[in-house]
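Just so you know, all these numbers are worked out from the coordinates, no wet-lab data involved. Treat the numbers as computed from the prediction; the structure is a model and nothing was measured. Positions of Cβ are backbone-derived with ideal geometry, glycine not excepted, and every protein chain shown enters the neighbour counts.
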Amino acid sequence: MEIQLTAMETREVPPAHFLFKIKSFSLLESCGIQKYETKEFVAGNHKWRLIIYPDGDDNVGNDKNHISVYLAMVENSSLSANRVVNAVFSIFLFNQNSGNYLCSLGITRRFQTMKSEWGFSKFISKKVMSEPSNGYLVDDKCVFGAEVFVVNTNALTGCLSLKTGCLSLKKTVTPYKRDWKIRNFSKLGDVWKSETFKAGGKKWNVLLHTKGCGGAKGNGVSIFLYYIGSESVKACFTIRIKNQVSEKHKIKSSTQWFSDSTSNKWGWDSFMKLATINDPIKGFINEKNCCQLDIEISVEAVAR
């Protein structure tokens with residue numbers, strides 16, 4: 001998927017199809033975001049996204065001195081195994097000092113199921129990018145863009161509708177903490193659901209499946225963190241079921257991207273075994289049939 005970048009140009013006209021702003025670009029590395037995929041945009045009746053490697057693409061042996069940027073065609077039913085889509089594309093970087101755009105000259109490539117990404121492992125050097133006088137990174141903000149024209153027989157087609165996006169990163173702050181006393185645990189139904197709470201300015205729920213779900217149904221307790229919102233959010237979270245007779249709490253942590261699509265929940269089918277939580281000697285349920293659950297959560301990034 002790598003193209004050796006040979007020619008760049010500067011132009012005043014913005015890209016026709018996609019612009020994406022990244023706030024606090026320097027926090028990408030500290031947030032552990034080695035690869036970021038933007039939301040989809042449409043051009044030539046097909047869906048695309050940009051893939052950005054702020055520290056270079058390790059898959060092609062990048063020397064970590066460059067930023068890698070690729071255009072990817074999003075898999076869908078219209079792209080069958082034996083169908084190819086030829087497209088002329090350019091990738092852009094906004095110069096905030098001059099108001100112009102640095103962009104790759106239009107390159108034609110064939111996108112298909114086996115090779116759905118094309119782009120540049122050395123789109124721009126990190127040294128050039130980070131120099132404020134160059135205008136590409138100002139106040140730790142930068143703007144990437146894309147223009148894609150699909151070749152159908154002898155014609156170029158493109159949807160001239162510009163879509164914009166924004167990735168906002170947050171410095172690590174004290175995690176939001178919340179705890180619950182779940183009473184009458186053994187008498188609960190299949191699912192306990194917390195009230196909606198706010199962390200990092202976003203809304204969340206915690207769901208506990210008392211008899212398990214998925215592959216752990218009937219054998220374990222399942223716990224999931226649910227995101228309620230329309231933006232994509234990266235969150236670091238820790239969930240704990242407290243041991244009320246010792247310090248041997250059951251704790252699990254994860255860092256995930258949440259969105260309003262199929263990835264609006266993350267957690268564990270088997271957080272702990274039913275036999276363990278229901279054993280009074282183990283200390284997770286006290287003599288009053290009460291379970292104590294808590295969460296720590298930090299929102300690290302928001303993509304609009």
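How long are the semi-axes of the ellipsoid equivalent to the chain, from square roots of 5 times the Cα gyration tensor eigenvalues, in whole Å, largest first? Write out the running numbers ahead of the final one.
Working: eigenvalues 419, 96, 49 Å².
Ellipsoid semi-axes (Å, largest first): 46, 22, 16.
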Cross-link partners of K122 among lysines (Cα-Cα below 29 Å; sequence separation of 8 or more within a chain): K21, K23, K35, K39, K47, K64, K141, K163, K170, K171, K234
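Please find the FRET efficiency linking I228 to N59, where r is the Cβ-Cβ separation and R0 is fixed at 35 Å, and quote it to the nearest 0.05. Write down the numbers at each step before the final one.
Values: r = 35 Å, r/R0 = 0.99.
Result of the calculation: an efficiency of 0.50.
Using the 10 angstrom Cβ neighbour count as an exposure proxy, how do S259, S186 rank, fewest first?
Working: S259 15, S186 10.
Sorted ascending by nearby Cβ count, the order is S186, S259.
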Linear extension gain, N205 paired with S125, 0.36 nm per residue minus alpha-carbon span: 24.6 nm
Report, for the chain, the % of DSSP beta bridges that are antiparallel, rounded to 5. 95 percent
About the Cα centre of the chain, what is the dipole size in debye to 20, counting +1 per Lys and Arg Cβ and -1 per Asp and Glu Cβ, all else neutral? 1160 debye
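If you stretched the chain out fully between N243 and R178, how much longer would it get, using 0.36 nm times the residue separation minus the C-alpha to C-alpha distance? Mind dumping the intermediate values first?
Working: separation 65, 0.36 × 65 = 23.40 nm, distance 1.65 nm.
Gain in length upon complete extension: 21.7 nm.
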Neighbouring Cβ atoms within 10 Å as the yardstick, rank L274, L71, L102 fewest first. L274, L102, L71
What is the local net charge at Q256, summed over the other residues whose Cβ is closer than 11 Å to its Cβ (Lys, Arg +1; Asp, Glu -1)? +1
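I need the Kirkwood Rh of the stretch 176-303: take the reciprocal of the average 1/r across all distinct C-alpha pairs and report it in angstrom.
For the stretch 176-303, the Kirkwood estimate is 15.0 Å.
Among K163, K288, which comes first, then next, by fewest other beta-carbon atoms within 10 Å?
Details: K163 17, K288 10.
Ranking K163, K288 by Cβ neighbours within 10 Å, fewest first, gives K288, K163.
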Q34/K288 FRET efficiency (R0 45 Å; Cβ-Cβ; nearest 0.05): 0.45
In order over the stretch 9-16: 3J(HN,Hα) from phi, Karplus 6.51/-1.76/1.60, θ = phi - 60°, whole Hz, x for each Gly or Pro, gives 9, 10, 9, 7, 6, x, x, 6
Length gained, S186-E117, 0.36 nm per residue minus C-alpha separation, equals 19.7 nm
Kirkwood Rh over alpha-carbon pairs of the stretch 25-146 plugged into Stokes-Einstein at 4 °C, 1.567 mPa s gives a D in µm²/s of 85 µm²/s
Hey, got the dipole for the stretch 87-141? About the Cα centre, +1 on K and R Cβ, -1 on D and E Cβ, debye to the nearest 20? 320 debye
